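Taking it in order: structure first as structure tokens, then the write-up.
What follows draws every value from the coordinates through simple rules; no lab data is involved. Predicted model only: the values in this text are computed from it and were never measured. Quick reminder, even Gly has a Cβ in these numbers, built from the backbone with ideal geometry, and neighbours come from all protein chains shown.
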Amino acid sequence: MQRNQIIFGALLLGLGLLLLFGVVLDINVWSLICPLFLIAVGVWLLLRPRFEGLPFNLRMIGDIRRRGDWVVEQEDIWLLIGDVVLDMSEAEIPEGETDIKVQGFVGSVKMRVPEGVGVELNSTAFITDARLMDQKQNIFVTPITMKSPDYDTAERKIKLETLYFVGDIKVDQV
């Protein structure tokens, strides 16, 4: 079971239990959800970078765009609402596997990779619309795992992991 799938399942389970207790105990649960959400985000922000060891990029609202000549590195990107555009057509991609993790509430990830770069996509979301080159999946609640045909033999590989409530992921080869 993937880590993102466990986190997403735990969040849904916790929210469901909280709402159930609210009905049974006649408590206004919605007045508790906002403070609990803020506390959870605060704890996550304090502890998350220590566990992962990846460079951490946080933006609550807005877009992250990388184009032109840049160096692709392992990274953890967190957006509450926003889009991530990673155009690697002119970027320097190191040999081996490079992990890029993108997490958020609502948003899209668009990635362009040069020919010869293998891509693996792992996405967990409530609603996902994913396209990896010529493969396409529209999924409700189920995690997605897709690989480009040349992934296993490629010298340069990108492993893209996403965790969203509603996510739109598109990976194209140029």
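Once every DSSP H run of n ≥ 4 in the chain is given -39500 (n - 2.57) and the sum is divided by its residues, what mean residue ellipticity at 222 nm do you get, rounded to the nearest 500 deg cm²/dmol? Before the final figure, lay out the partial values.
Working: 2 runs with 46 residues, N = 174.
Value at 222 nm, helices only: -9500 deg cm²/dmol.
Ordered by packing density, taken as the mean number of other Cβ atoms within 10 Å over each peptide's residues, highest first, how do 71-80, 88-97 rank? Don't skip to the answer; put the middle values down first.
Details: 71-80: 17.2, 88-97: 13.9.
Ranking the peptides 71-80, 88-97 by packing returns 71-80, 88-97.
Run the quick spin-label model on residue 165 and residue 135: label points 7 Å from Cα toward the beta carbon, then report their separation in nm to one decimal.
Result: 2.8 nm between the two label points.
Going by a ≥ b ≥ c, the root eigenvalues of the Cα gyration tensor, does the stretch 56-173 fall in the rounded group (a/c under 1.5), the prolate group (a/b larger than b/c) or the oblate group?
Values: a/c = 1.89, a/b = 1.20, b/c = 1.57.
It comes out oblate by the Cα gyration axes.
Hey, which aspartates and glutamates would be in cross-link range of residue 101, C-alpha to C-alpha under 13 Å, not counting anything within fewer than 8 residues on its own chain?
By straight Cα distance, residue 101 reaches 52, 73, 75, 76, 120, 161.
Taking the Cα centre of the chain as the origin, how large is its charge dipole in debye, to the nearest 20, when only Lys and Arg (+1) and Asp and Glu (-1) carry charge on their Cβ atoms?
Working: 17 positive and 24 negative charges, 114 e Å.
Result for the chain is approximately 540 debye, rounded to the nearest 20.
Given points 7 Å out from each Cα along the Cα-Cβ axis, report the residue 29 to residue 155 separation in nanometres with one decimal.
With each label placed 7 Å out from Cα toward Cβ, I get 5.5 nm.
Hey, what did the stretch 21-174 get for relative contact order, percent, Cα under 8 Å, at least 6 apart?
On the way: 351 pairs, mean separation 32.9, N = 154.
Result for the stretch 21-174 is 21 percent.
If I model a spin label as a point 7 Å beyond the Cα along the Cα-Cβ vector, how far apart are those points for residue 99 and residue 60 in nm?
2.8
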